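Q: Next up is a structure, given as structure tokens.
Just so it is clear, none of the values below were taken in a lab; they were calculated from the coordinates. Bear in mind the structure is a predicted one, so any value in this text is a computation, not a measurement.
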Amino acid sequence: MEKGAAQPQTEQNEPSEFCEGPSRPASSDTARPPKAAGPKKTSSQNYVYDEIGNLVRDSSEQIEEIVWNVQGKVQEVHFEAGKPGPSVLQYEYDPMGNRLAKKKLN
């Protein structure tokens, strides 16, 4: 390189924005207020979602309630009264999250 030419500088102790570990807590001026518990619904839509984005109701499919487990898998589906077929579907999973059984209850 020529003398006096700009050279890229690298810092060994410079923090990386992609480092592992716990995230920084939000400062008080940017903290969001806690969300209210329970399903959210817009009156013009058929779908209702919980506070973390799981579908919990689908009026167009006559699904009254969808229950999710802590692994994010559907545990039960409850249908509205009068819908043909089972009134409840239950799902069972192994510890790895693979579905083992689907039960149809009336």
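Q: Out of residues 5 or more away from Gln75 or on other chains, whose amide H comes under 5 Å of its own, with H placed 1.01 Å from N in the peptide plane?
A: Val67, Trp68, Asn69
Q: Also: What span do the alpha-carbon atoms of the stretch 41-105 cover on each of the three principal axes, reported in whole Å from largest to smallest?
A: Reported extents, whole Å, longest axis first: 39, 30, 10.
Q: List every residue whose amide H lies under 5 Å from the amide H of Tyr49, counting only residues 5 or more places away in sequence or on a different chain, with H placed 1.01 Å from N in the peptide plane.
A: Under 5 Å from the amide H of Tyr49: Lys40, Val56.
Q: What does the extension gain come out to for Glu80 and Ala101, with contour length at 0.36 nm per residue minus their alpha carbon separation?
A: Going from the current span to full extension adds 5.3 nm.
Q: HN-Hα J couplings of the stretch 62-72 from phi, Karplus 6.51/-1.76/1.60, θ = phi - 60°, integer Hz, Gly and Pro as x?
A: 6, 8, 7, 7, 10, 9, 10, 8, 5, 8, x
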